[in-house]
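Structure record follows, encoded as structure tokens.
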Amino acid sequence: MGNHRDIYHQCLAVIPVCLLEFSMGLAFGWIGPMINAFLENPNSEIKATEEECSWIASMPGFGRTFGPFFPILLLDVLGRKIMIQITATIFAALWLPVLFTRSVSILCVSFFSFGLGIGICNGVTSVYLGENCSPKIRGIFCSASVTSFYIAVLLQYTIAGYLSYSAIATVNFILVFVTLIACTFFTVEPAQFLMLKGRFDKAESNMMWLRGTKNKDDINTDFENVKANVASEKLKKASYRELFFAPANFKSLVIVLTLNMAHAATGNAALFTYIAVLFPQNEHFTSNQVTVYFGISQMTFCLLASFVIENVNRRSLTLFAFSLFLVCHSVSTYFFYDAANNETPSKYGLWIIFAMVCLFSGFSAVLDSVVHMIRGELFPQSIKPIGAGLAIATHSFTQFLTIKIFLMVKSQYGIYMNFLGYAVCSVASFWFTYFFLPETRGKTLIEIQKSLEKQK
């Protein structure tokens, strides 16, 4: 394995995850510019009220709340590969009604279905990455998949100003259809699932391929450890009772659910969706320029995360992120309040707010990778689908609420009240992380479970 074939093979195995994230990014990146066009552009093919736009924007989060329960029921029945292919099919199907309809109601239904697909995808890919990737590079691969998401977002932000509604939908359908084909050829079934089904020869073959070796002795120790762990977990009945009443499992559940809720409550999804509404066309920049700059900041930070995420403790990274969020939201609150209540607000206010929003959103993209990894790391095999599914549902519903109420709070109280709420959530998130989040960097899934069982 000294020739790095293990890394090369694991890179190939992660291609479907990156492409699925890319497909999600296409849809999320489409929503922001299109909603701004629905509200502001008199020549838009779809006219929608502010209330209707809030429903279109929030439907993916609402659908994603229910999507994770499909992996809970099917992940250990159908396997990771088939579930990934089902997800790719849902993503491809999204663009057909977008292409052929101009109805707000149908768009809401379509993006609700898309949200179901996201929930399935998140539940499957976190498990898939955790089981197929070596601990030393698991964080890098997770960061790469999140970066794929933001590359797609930037692509959508860029082409929104040059292509028509129909042309963008056509391009997106073609790209996602390619993803569906790639998922068929590159997805590698993890050894854990194959062992669960008694297919030990295939499990050994897949593990050898992922480790880049043809010598069984190179994987013997790890193979036997995984085999023993799967056998132990198989004896346990995967149930909500086990999740809530086994002390180590319940501890994992509380940590993961709270972290996912905290990440969503700091407002990234709402700012991501309404960035063009926050900064409408003005003397400083156009709405298209705003979205492009915003997308560049997110992608840049994600690329940076790929280089640092395995060299910095995840707990430390999370603490720094929430501290940064507090600063960004506090500054934004002040300047938005200043703009709303003074006839001559600070002439530098708009640029400072924009810088803070970009900094917050960019570093939130880094935190995406950490939260995604922890969902796949803290739960044992027997309750992983249930635990990860509940975590994603919690994250999704919190995002749905932040997106749905953003425009309402803006209209009734002012934009600055949104940022004040995000600042308060950042403080609470920092406190929780400091006292409860364990460190998982560089540890195998088995080692993480043993450390949780030892903690009181």
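The values are calculated or read from the model by the stated rules, or taken from the named source; none is laboratory data. Note that this is a predicted model, so its numbers are computed, not measured. Neighbour counts are summed over all protein chains in view; Cβ atoms, including those assigned to glycine, are modelled from backbone coordinates with ideal geometry. The accessibility values were calculated without ligands, DNA or RNA, using every heavy atom of the protein model including side chains. Shrake-Rupley method; radii C 1.70, N 1.55, O 1.52, S 1.80 Å.
Look at Lys47 and say whether it is free of Cβ contacts under 8 Å to residues at least 24 places away in the same chain and of a type in the set (Lys, Arg).
Working: free of Cβ contacts under 8 Å to residues at least 24 places away in the same chain: yes; of a type in the set (Lys, Arg): yes.
Yes.
Out of everything in the range 80-105 that is without any contact (Cβ under 8 Å) to a residue 12 or more places away in the chain and not in a helix (DSSP H, G or I), what residue ends up being most open to solvent (accessible area, probe 1.4 Å)?
Step one: of the range 80-105, the residues without any contact (Cβ under 8 Å) to a residue 12 or more places away in the chain are 82, 100-101, 103, 105.
Applying the additional criterion that residues be not in a helix (DSSP H, G or I) yields 101, 103.
Values: Thr101: 18, Ser103: 40 Å².
The qualifying residue most open to solvent (accessible area, probe 1.4 Å) is Ser103.
Against the conditions (1) aliphatic (A, V, I, L, M); (2) touching a Pro at 6+ places or on another chain (Cβ under 9 Å); (3) open to solvent by less than 20 Å² (accessible area, probe 1.4 Å), where does Ile46 fall short? Just the number, please.
(2)
Report whether or not Tyr162 is among the hydroxyl-bearing types (Ser, Thr, Tyr) and either modelled with pLDDT of 90 or more or outside any helix (DSSP H, G or I) (or both).
Values: among the hydroxyl-bearing types (Ser, Thr, Tyr): yes; either modelled with pLDDT of 90 or more or outside any helix (DSSP H, G or I) (or both): yes.
The answer is yes for Tyr162.
Here are Thr318, Thr333, Thr291: which of them is among the hydroxyl-bearing types (Ser, Thr, Tyr), within 27 Å of Ala160 (Cα to Cα) and at pLDDT 80 or above? Before the answer, list the steps.
On the way: Thr318 fails: within 27 Å of Ala160 (Cα to Cα); Thr333 fails: within 27 Å of Ala160 (Cα to Cα).
Just one listed residue meets the conditions, Thr291.
Looking at the range 163-178, I want the residues that are open to solvent by less than 20 Å² (accessible area, probe 1.4 Å) and have a partner that is in a helix (DSSP H, G or I) with Cβ atoms under 6 Å, at least 6 apart or on another chain. Which pairs are those?
Taking only residues 6 or more apart or on different chains, the pairs are Ala169/Trp95; Ala169/Val98; Ala169/Leu99; Asn172/Leu26; Asn172/Trp95; Val176/Ser23; Val176/Phe91; Val176/Ala92.
If I filter the range 120-143 down to residues being of a type in the set (A, V, I, L, M) and in contact with a Ser or Thr (Cβ under 6 Å, 6 or more places away or on another chain), which single residue comes out as most open to solvent (accessible area, probe 1.4 Å)?
Ile140
Scanning the range 95-121 for residues that are touching a Gly at 6+ places or on another chain (Cβ under 9 Å) and among the β-branched types (Val, Ile, Thr), which turns out farthest from Ile386 (Cα to Cα)?
Initial filter on the range 95-121 (touching a Gly at 6+ places or on another chain (Cβ under 9 Å)): 111-121.
In the following step, the residues that additionally are among the β-branched types (Val, Ile, Thr) were identified as 118, 120.
On the way: Ile118: 16, Ile120: 12 Å.
That would be Ile118.
Suppose we filter Ala182, Ala203, Ala167 for residues that are over 23 Å from the mean Cα position of the chain (by Cα), assigned to a helix (DSSP H, G or I) and under 30 Å from Ile31 (Cα atoms); which single one remains?
Of Ala182, Ala203, Ala167, the one residue that is over 23 Å from the mean Cα position of the chain (by Cα), assigned to a helix (DSSP H, G or I) and under 30 Å from Ile31 (Cα atoms) is Ala167.
Within the range 294-334, work out how many residues are outside any helix (DSSP H, G or I) and either surrounded by fewer than 22 Cβ atoms within 10 Å (Cβ to Cβ) or touching a strand residue (DSSP E or B) at 6+ places or on another chain (Cβ under 7 Å) (or both). Full working, then the answer.
Here is the first cut: in the range 294-334, the ones outside any helix (DSSP H, G or I) are 309-313.
If we keep only those that are either surrounded by fewer than 22 Cβ atoms within 10 Å (Cβ to Cβ) or touching a strand residue (DSSP E or B) at 6+ places or on another chain (Cβ under 7 Å) (or both) too, we end up with 310-313.
Counting residues in the range 294-334 that are outside any helix (DSSP H, G or I) and either surrounded by fewer than 22 Cβ atoms within 10 Å (Cβ to Cβ) or touching a strand residue (DSSP E or B) at 6+ places or on another chain (Cβ under 7 Å) (or both) gives 4.
Give me a count of the residues in the range 106-150 that are touching a residue at least 60 places away in the same chain (Cβ under 8 Å), among the hydroxyl-bearing types (Ser, Thr, Tyr) and farther than 18 Å from Leu73 by Cα.
Number of matching residues: 6.
Tally the residues that are open to solvent by less than 30 Å² (accessible area, probe 1.4 Å), in contact (Cβ under 8 Å) with a residue 60 or more places away in the chain and closer than 21 Å to Lys136 by Cα, restricting the search to the range 190-225.
6
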